[in-house]
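One structure below.
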Amino acid sequence: MTRAAGTARRRQLVTAAGLGTVLTVVMGAVLVMGFRLATNMRAGIGALQAASTLQTYPEEISRQLSTLRDRLEVRAYSGQALADLQGTVSRFDQKLNQLAGSHAADSPQLGRPLLLWHQYAPVLDPVVSFTGQPYVDSDTAGSSLSREGRAHYAAVKRAQLFASDSAGPLQAQLAALSATLQRSSSDAAARLRTLLLAGVLAALSLAGAAGYFQLTRSKHERAALEAQEQTRDILKTVREGLFLLDSEHHIGTVWSDALTRMFSRQDFAGLSFERLLKDLVPPATLTTATKYIKLLWGDRAHENLMKSINPLGQLEVKIDNGHGGRETRYLQFDFHRVMGQDGVKHVLCAVGDITSSVLLAHELEESQENASAQVDMMLGLLHVDPLQLVSFLDTADSSLKLVNTILKEPARTDAEFRKKLGGLFRELHGIKGEAQALNLKSIAGRVHTLEDMVSECKKKPELSGSDFLPMVLKLDELLAHLRSVREMAARLTALKDTAPGAAAMAAAAGAAAASGADAPGRSQPRVVEDLSPTLLAMAKRLAADNSKRFRLTLGGLADVPPSYAATIKDCIIQMLRNAAVHGIEPPEARRANTKQDIGLVSVHFRKNGDGYELVFEDDGAGIAAETLKAAAVRKQLISEQEAAEMDTRAAMALIFRPGFSTCEDVSMDAGRGVGMDIVARSVYALGGKIGVTTHPGRFTRFKIVLPAGRAASSAVA
Amino acid sequence: MLYEQELKTFVEGTTNFFEVAAQQPASIGSPYLMEGSPAVHEYTGVINISGKREGVVYFTAPKAMLTVLLMKMQENDFSHETMKDLVGEVANTISGNARRDFGRDFVISVPSVLSGEKPQIPQKPGVRSFIIPINWRSHSAKLIVSLT
């Protein structure tokens with residue numbers, strides 16, 4: 001459309017210019033011809049005037065000859081008459097000669113008077129050339145003609161005679177010449193008039209052409225202005241950043257307003273594409289982008305193929321946010337080649353800000369993941385005993401409250417910050433163990449991440465408050481997640497209202513959900529849960545996760561006093577994890593040691609004298625003192641010399657040291673070195689004892705002894 | 001959920017103030033979650049935030065800390081109004097830092113200053129607050145971030 005309008009405009013411009021040139025040439029020719037005609041006319045009029053003046057001379061000469069003769073006859077003074085004649089003849093001759101040399105020379109009418117004058121002049125010549133004394137004076141005869149006077153008188157008479165015959169014809173010939181010259185002048189005047197008329201017409205045509213040209217030009221200018229305005233409007237309104245790249249990959253002089261907003265700059269004219277992106281994207285991306293742009297200029301490059309390999313389809317850039325900072329935005333670059341006669345002329349670049357779409361997609365993805373996680377969580381919750389779940393959530397809430405209290409403790413030095421880490425580990429590990437026991441993966445996973453953060457902090461040479469920022473955020477997220485689990489559990493319990501005891505459980509769950517952070521802590525008495533299903537499920541999961549095969553037998557757990565329930569549960573969970581990870585061997589290893597493929601893990605709780613006894617045993621690989629010492633040296637808990645001097649009993653005690661683990665890698669079930677440390681601390685806190693007996697390759701047995709007095713007092717309290 | 005970078009922006013805004021105004025950097029203690037109602041000091045500078053996040057961010061400091069800070073700044077006027085101006089200035093620096101880092105996503109109000117130990121700070125219900133202790137010399141203030 002625009003190209004057609006441009007061609008038409010060019011054609012009209014050429015036509016107008018041609019017409020103008022022709023008319024200008026015509027006007028020039030008219031003016032030159034008119035000038036020449038006017039010049040000729042002026043000469044003709046001069047000749048006409050001269051010819052008209054000359055007409056009177058023959059008569060004048062004739063009259064002056066008569067006067068001279070009369071003066072000579074009466075012997076009067078003739079000098080004046082001769083002088084008049086001489087002047088007249090001289091002027092006539094001069095004028096006639098001038099006429100002969102003028103515009104009239106071409107006239108055939110001039111020849112005859114000239115011829116006649118050429119005959120007349122010799123007759124007059126003796127008269128006009130007379131310079132003598134015509135008279136002789138004597139006293140006797142008075143004045144008489146001298147000899148010269150007589151000859152002069154005779155010449156006058158001859159001239160008078162010739163004049164009487166020639167004056168008339170000469171006058172008539174000069175009149176005829178005048179008439180001819182007058183006609184010639186009239187003709188010239190007529191031609192000049194015609195020429196002027198033609199000139200006026202040409203001028204009018206030129207003016208008309210100029211007017212038409214101006215009108216056309218104005219129309220085109222208006223159209224061009226309108227087109228420019230439309231282009232401006234488009235560039236102002238379009239949401240994409242549009243610009244053209246030349247063969248040198250420089251931006252042209254026109255771009256859309258959106259580009260200015262997207263890149264927070266205005267100096268695009270002549271800016272190279274590389275410089276446009278230089279400070280916004282990583283160097284590797286910039287190199288790829290530059291290579292891609294070069295490819296676009298290749299004649300063989302297929303547009304659709306090029307589009308499919310566009311590396312700038314979703315480009316993450318850091319752009320000045322207008323407040324001195326930088327913000328992340330996502331831009332989409334589309335390239336379209338503008339073809340000319342000689343191949344690719346420009347590359348049109350359209351930049352779209354797809355930040356909202358990308359963020360929305362991320363949110364959608366996150367939301368889908370959350371929804372999926374929630375479904376998983378709900379399915380997981382369906383298999384958990386409601387009472388156990390409520391109990392766990394209460395415990396977790398209390399533990400996390402304690403975690404927050406640990407964080408809240410004032411700290412300024414590295415030592416003070418580092419001191420917090422041990423406490424955080426212990427609390428988090430306990431929650432994770434219980435969550436795993438209940439197969440609450442979403443909670444266990446989150447706590448594990450938090451444990452990772454604590455672990456990372458431990459490795460730092462110098463700790464500050466900033467290192468705890470991610471932890472507190474994760475803690476907030478974990479608390480929010482526990483809240484949602486509690487709400488979901490309450491809803492599930494409500495749904496199960498047909499099940500026996502559902503109303504009570506729903507009430508318990510609902511009350512716990514409503515109480516939130518004020519839920520009772522783990523040290524407070526609560527309803528004793530049946531641990532067996534939880535532990536059996538956990539054993540099954542641990543076996544699967546660690547590619548082991550073992551059977552768990554439980555005994556006497558129903559007799560656990562309420563005040564010991566939480567500690568016993570934590571201890572069994574930790575020891576069960578250790579047995580699954582470290583104790584029980586893989587089936588092939590067991591076969592090689594002439595053992596049954598399926599390992600045995602037994603847990604027995606019973607009253608023993610005044611107190612209680614928990615025995616945990618597995619028929620796994622046992623614990624080698626040397627392995628423990630080597631791991632402790634590796635973890636820099638003891639020196640090599642200390643290890644060498646350490647006896648078996650002391651080596652076994654390493655199991656209960658904070659941070660000790662024989663695992664090199666951290667997993668959900670082991671490797672942090674806080675599990676047995678927690679078990680020991682919990683047992684000691686209750687006034688109990690813990691011991692370990694092992695035989696490498698045969699078994700490991702943990703024996704926990706708890707006093708009866710505390711259990712009774714706690715139960716009473 | 002709040003992002004770590006967002007929290008860091010507010011923390012940096014606060015610590016930068018001490019570094020620039022008193023030529024003595026402030027450090028932060030370990031952050032924790034607020035339980036119950038906010039415990040504030042005598043002077044509190046508040047900025048309200050809307051847009052991508054909604055809520056309040058406030059810096060609360062004891063009079064003793066502000067007095068020492070003013071002394072370090074070669075100020076001789078320790079009046080109530082000067083204390084309020086100073087705490088407002090800290091809030092303003094936090095606000096400027098947030099504007100720089102968050103740009104148009106956040107709409108940040110002009111800081112307001114409250115005094116007294118029980119000021120009415122508008123808290124958005126259900127939003128957990130993060131408390132970041134700001135330690136400077138022997139004194140301790142608090143930066144409280146309460147955003148959705």
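Measuring r between the beta carbons of residue A:681 and residue A:608 and using R0 = 25 Å, the FRET efficiency lands at 0.70. FRET efficiency for the pair residue A:385 and residue A:483, taken as 1/(1 + (r/R0)^6) with r the Cβ-Cβ distance and R0 = 25 Å, rounds to 0.80. Peptide A:458-469 shows a mean partner chain C-beta count of 4 within 10 Å per residue C-beta. Between residue A:645 and residue A:418, what FRET efficiency comes out of the Förster formula 1/(1 + (r/R0)^6) with R0 = 22 Å and r the beta carbon distance, rounded to 0.05? The formula returns an efficiency of 0.20 here. When shorter helices are ignored and each DSSP H run of at least 4 residues is given -39500 (n - 2.57), the per-residue value for chain A at 222 nm works out to -21500 deg cm²/dmol. Only protein heavy atoms count here, probed at 1.4 Å, and on that basis chains B and A bury about 2400 Å² of accessible area in total.
Against the empirical 2.2 N^0.38 Å (N residues), chain A has a Cα radius of gyration ratio of 2.45. Label sites at residue B:23 and residue A:356, each approximated as a point 7 angstrom past Cα along Cα to Cβ, lie 5.0 nm apart. Helix B:4-22 axis versus longest C-alpha principal axis of chain B: approximately 10°, rounded to the nearest ten. For residue A:466, the shell of other residues with beta-carbons less than 15 Å away shows a net charge of -3, using +1 for Lys and Arg and -1 for Asp and Glu. Accessible surface of chain A, 1.4 Å probe: 55 percent of it comes from carbon and sulfur atoms.
The listed peptides A:118-126, A:458-466, A:675-683, A:228-236, ordered by packing as a protection proxy, come out as A:675-683, A:118-126, A:458-466, A:228-236 (highest mean of other Cβ atoms within 10 Å first). Between the Cα long axis of helix A:414-437 and the first principal axis of chain A there is an angle of about 70°, rounded to the nearest 10. Taking Cα atoms only, the orientation of helix A:531-545 departs from the longest principal axis of chain A by about 50 degrees. Residues of region B:88-116 with an amide N closer than 14 Å to a point placed 7 Å from the Cα of residue B:54 along the Cα-to-Cβ direction: B:107. Taking every alpha-carbon pair under 8 Å whose residues sit at least 6 apart, region A:241-361 reaches a relative contact order of 26 percent. When Rg and the Kirkwood radius Rh are both evaluated on Cα atoms of region A:180-275, their ratio Rg/Rh stands at 1.56. Projecting the Cα positions of A:454, A:288, B:73 onto the charge dipole of the protein assembly as shown (unit charges on Cβ atoms of Lys, Arg, Asp and Glu, taken about the Cα centre) puts A:288 furthest along the positive direction. Taking every C-alpha pair closer than 8 Å and separated by at least 6 residues, the mean separation divided by the residue count of chain A gives a relative contact order of 8 percent. Taking the three principal axes of the alpha carbon atoms in region A:528-717, the coordinate ranges are 49, 38, 28 Å, sorted in descending order. What is the list of residues in region B:1-42 whose amide nitrogen lies under 13 Å from a point 7 angstrom out from the Cα of residue B:64, following Cα to Cβ? Backbone N within reach: B:42. Each of A:605, A:244, A:30 was placed along the dipole of chain A (beta-carbon charges, centred on the mean Cα), and the one lying farthest toward the positive end is A:30.
Work out the charge dipole of the protein assembly as shown with +1 on the Cβ of Lys and Arg and -1 on the Cβ of Asp and Glu about the Cα centre, then indicate which of A:425, A:89, A:443 is farthest towards its positive end. The residue sitting farthest along the positive end of the dipole is A:89. Tabulate in residue order the Karplus-calculated ³J(HN,Hα) for region A:188-200, using 6.51 cos²θ - 1.76 cosθ + 1.60 with θ = phi - 60°, rounded to whole Hz; enter x for Gly and Pro. Each residue of region A:188-200 in turn: 4, 4, 5, 5, 4, 4, 4, 4, 4, 4, 4, x, 4 Hz.
Mean per-residue shielding of peptide B:93-105 is 4, counting Cβ atoms of other chains within 10 Å of each Cβ. Relative protection proxy for A:473-486, B:68-81, from highest mean packing down: A:473-486, B:68-81 (other beta-carbon atoms within 10 angstrom). Long-range amide H contacts for residue A:612: which residues qualify at under 5 Å (H placed 1.01 Å from N, peptide plane, sequence gap of 5 or more or a different chain)? Counting only residues 5 or more places away or on other chains, the set is A:706, A:708. Panel note: contact residues of region B:25-55 (accessible area lowered by at least 10 Å² against the chain on its own; 1.4 Å probe) correspond to B:28, B:29, B:30, B:31, B:32, B:33, B:35. Accessible area per residue for the protein assembly as shown, computed on protein heavy atoms with a 1.4 Å probe, is 51 Å². Gain on full extension, evaluated as 0.36 nm per residue between residue A:374 and residue A:458 minus their Cα-Cα distance, stands at 27.0 nm. Return the aspartates and glutamates within reach of residue B:63: Cα separation strictly under 18 angstrom, same-chain partners fewer than 8 residues apart disregarded; answer none if there are no such residues. Answer for residue B:63, where 18 Å is the Cα cut-off: B:42, B:75, B:77, B:81, B:85, B:89, B:117, listed by chain and number. Translational diffusion of region A:270-400 was estimated from the Stokes-Einstein equation, with Rh taken as the Kirkwood radius over Cα pairs; at 25 °C and 0.890 mPa s the coefficient is 128 µm²/s.
Rounded to the nearest 20, the size of the Cβ-charge dipole of region A:75-128 about its Cα centre is 120 debye, with Lys and Arg at +1 and Asp and Glu at -1.
A Cβ-based charge dipole, computed about the Cα centre of the protein assembly as shown with Lys and Arg at +1 and Asp and Glu at -1, lands at about 1460 debye. In chain B, the DSSP-assigned H stretches of four residues or longer account for a calculated mean residue ellipticity at 222 nm of -12000 deg cm²/dmol, using -39500 (n - 2.57) per stretch and the full residue count as denominator. Under a model in which nothing but the beta-carbon of Lys, Arg (+1) and Asp, Glu (-1) is charged, region A:528-717 shows a dipole of about 240 debye around its Cα centre.
Here chain B has 49 percent of its accessible surface on carbon and sulfur atoms, given a 1.4 Å probe and all protein chains in place.
Database remark: amide H of residue A:136 closer than 5 angstrom to the amide H of A:144, A:145, A:146 (H placed geometrically; neighbours at sequence offset of 5 or more, or on other chains; Pro and chain starts carry no H).
Put a dot 7 Å past the Cα of residue A:143, heading toward its Cβ, do the same for residue A:559, and the two dots end up 20.1 nm apart. Of the cross-linked pairs A:307/A:345; B:8/B:142; A:420/B:8; A:408/A:635; A:458/A:703; A:474/B:52, those separated by over 26 Å at the C-alpha level are A:408/A:635; A:458/A:703.
Only beta bridges with both residues in chain A are counted; by DSSP, about 90 percent of them are antiparallel. Remark: mean inter-chain Cβ contacts per residue of B:133-143 equal 1, using a 10 Å Cβ-Cβ cutoff to other protein chain atoms.
Applying the Karplus relation 6.51 cos²θ - 1.76 cosθ + 1.60 with θ = phi - 60° to region A:133-138 yields 3J(HN,Hα) values of 9, x, 10, 10, 9, 9 Hz, where x marks Gly and Pro. Using Cα positions and a limit of under 16 Å, work out the aspartates and glutamates in reach of residue A:689, with same-chain residues fewer than 8 apart set aside. Counting by Cα, and skipping residues close in sequence, residue A:689 has these aspartates and glutamates nearby: A:570, A:610, A:613, A:677.
The values are calculated or read from the model by the stated rules, or taken from the named source; none is laboratory data. Predicted model, so just to flag it, every value in this text is computed and none were measured. Methodologically, a virtual Cβ is constructed for each residue, glycine included, from the backbone with ideal geometry; neighbour enumeration extends over all protein chains shown. All accessible areas refer to the heavy atoms of the entire protein, side chains included, with ligands and DNA or RNA removed. Shrake-Rupley method; radii C 1.70, N 1.55, O 1.52, S 1.80 Å.
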